[in-house]
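Scroll down for the structure; my scribbles are underneath it.
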Amino acid sequence: AERLLEAMAKEELFGSDRAAALWTSHERDWQAFEQRHRSQASESTTGAGANPDAGEGDSEQVVGYDDIPWPPVTEDLLSAMAAMELSNRNGEGSQTLLASEATAKEAYVAHRRAFRKAQLRWHPDKFMHRFGKCTRESDTAAILAKLQELGRAINDAWSTINRTGAE
């Protein structure tokens, strides 16, 4: 366990403050995307556009591949998310702490939270359950392929973090 905490503190596994800034920007885009989806979902339940591909007036409800705010990086995805979480959390206190200055335990907890958040957001089944009814039919295959790529990257990153900590 001690080795895992030491490995988490290394910058190559943890991520950088630049990665945290990139991910923070992405997070704002993601929140806007979710907000649009929530309002579209409530409109569709009231009868406004039951079939999102039906007509031009309903085109706002269609989510295409390019409409999705994909992560800014696939490599080191969890590290970037963890760096963002630590930067944001530490920025809320009286003293701003750079993500690269986090303790090993803080880094481990941030990575664990990042893994869970990434799985909830980018797992193909979970994503399609939330947004599948709105996706453009012609983009569904590309969206699923990207989600599978992200899922592999997330799982590989978590495996690498755990493997490095066990060595």
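Quick one: would you say residue 85 is under 13 Å from the mean Cα position of the chain (by Cα), open to solvent by 30 Å² or more (accessible area, probe 1.4 Å) and at pLDDT below 85?
Yes.
Select from the range 100-159 the residues that are in a helix (DSSP H, G or I) and hydroxyl-bearing (Ser, Thr, Tyr) and write down the one among them that is most open to solvent (accessible area, probe 1.4 Å).
Filtering the range 100-159 for residues that are in a helix (DSSP H, G or I) and hydroxyl-bearing (Ser, Thr, Tyr), the one most open to solvent (accessible area, probe 1.4 Å) comes out as 138.
Taking the conditions exactly as written (open to solvent by less than 30 Å² (accessible area, probe 1.4 Å), in a loop (DSSP other than H, G, I, E, B) and either in contact with a Pro (Cβ under 8 Å, 6 or more places away or on another chain) or modelled with pLDDT of 75 or more (or both)), does residue 52 satisfy them or not?
No; evaluated as a whole, the condition is false for this residue.
The values are calculated or read from the model by the stated rules, or taken from the named source; none is laboratory data. For clarity, every value in this text was computed on a predicted model and none was experimentally measured. Neighbour counts are summed over all protein chains in view; Cβ atoms, including those assigned to glycine, are modelled from backbone coordinates with ideal geometry. Ligands, DNA and RNA are stripped out before the accessible areas are found, and what is left, the full protein with its side chains, is counted by its heavy atoms. Shrake-Rupley method; radii C 1.70, N 1.55, O 1.52, S 1.80 Å.
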